[in-house]
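Quick note: the coordinates plus some simple rules give every number you see, no bench work behind them. Quantities reported herein were computed from a predicted structural model and do not represent experimental measurements. Here the Cβ positions follow ideal geometry from the backbone for every residue, glycine too, while neighbour counts run over all protein chains shown.
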Ligand SMILES: [Zn+2]
């Protein structure tokens, strides 16, 4: 005799256990071909199935969150990049609308291998914009790496053979590669050669690349020599240029940092004075 659980009842109509919640049978009827009669093995009712499905979904959500966290740790190598999000955008930069649109149309951009070239003067918010893209896509569980050439070159320095190929191949694993601040690195022959091999391998694996740079579009279009030309040509071919102009957002930030610091210092000084007075030191 099968044990009746708390959430079940025996229905005299069919002689089977049923779920108190959904009323569905918790037992099936299978005829016994040898002895005649039948078996009544347990089965799951619809709310048990639903509960199982929900547990599975919750587990998948948990695994997805874990994966996103891991990808972020891998893709955002600088701590400050975590704060470069659309939520933290003050809305003062008109170029951000285009950056937003890029993220909204990411599936098409990825499919057609369309990247971006965020160019403009120092402090106009290009890295912030690139960071916003990185965070938004990483939050969607898309593998992104945001890095720069000095970091890549330091990593490549003294790496040869399989290690080197392995590292370069690993860059191709990311659906989006963001190279921040192109043109800030030392342009030795070695550096230029490495830069070309990275841009070129990106080009060959047909995955988008985003580049930020202080260089002028004209400098990119008319480079000083062939070594630069072949790098810039590849970038211009696959990356849609977006101009970041006008306002220097870093000056804005510097001003608000100063204001905040002033506030902290004066309030700290005030409370110190108070403590000192209490101790009778003044
Ligand atoms: Zn049920």
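For the chain, the relative contact order works out to 18 percent when only alpha carbon pairs closer than 8 Å and six or more residues apart are counted. When the chain is treated as a GNM with alpha-carbon contacts under 10 Å, the residue of 236, 17, 220 showing the greatest mean-square fluctuation is 17. Site pair residue 160 and residue 256 shows an inter-label distance of 5.0 nm when each label is modelled 7 Å from Cα along Cα→Cβ.
By DSSP, the beta bridges lying fully in the chain are antiparallel in about 30 percent of cases. Helix content alone sets the calculated 222 nm mean residue ellipticity of the chain: runs of n ≥ 4 DSSP H residues at -39500 (n - 2.57) each, divided across all residues, give -16500 deg cm²/dmol. Of all beta bridges that DSSP places with both ends in the range 1-157, some 90 percent have antiparallel geometry. Given axes a ≥ b ≥ c from the Cα gyration tensor, I'd like to know whether the chain is rounded (a/c under 1.5), prolate (a/b larger than b/c) or oblate. Oblate is the answer for the chain, as a/c is 1.5 or above yet b/c matches or exceeds a/b. Comparing 64, 262, 54 in a Gaussian network model of the chain (Cα springs below 10 Å), the most mobile by mean-square fluctuation is 262.
Fewest-first ordering of 44, 99 by other beta carbons within 10 Å of each residue's beta carbon gives 44, 99.
Among 82, 190, which comes first, then next, by fewest other beta-carbon atoms within 10 Å? Walk me through the numbers on the way to the answer.
Details: 82 15, 190 12.
Ordered by Cβ neighbours within 10 Å, fewest first: 190, 82.
Of interest is the spacing of the C-alpha centroids, which for the range 157-182 and the range 1-63 amounts to 54 Å.
What shape does the range 196-237 take by its C-alpha gyration tensor, where a ≥ b ≥ c are the square roots of the eigenvalues and a/c under 1.5 counts as rounded, a/b above b/c as prolate, and the rest as oblate?
Details: a/c = 2.49, a/b = 1.52, b/c = 1.64.
Verdict is oblate for the range 196-237.
Please say if the range 44-195 is rounded, prolate or oblate, where rounded means a/c under 1.5 for a ≥ b ≥ c the square roots of the C-alpha gyration tensor eigenvalues, and otherwise the choice is prolate for a/b larger than b/c and oblate otherwise? Judged from the Cα gyration tensor, the range 44-195 comes out oblate (a/c at least 1.5, b/c at or above a/b).
Ranked by Cβ crowding within 10 angstrom, fewest neighbours first, how are 180, 218 ordered? Can you show the working numbers first?
Values: 180 23, 218 7.
So the ranking, lowest neighbour count to highest, is 218, 180.
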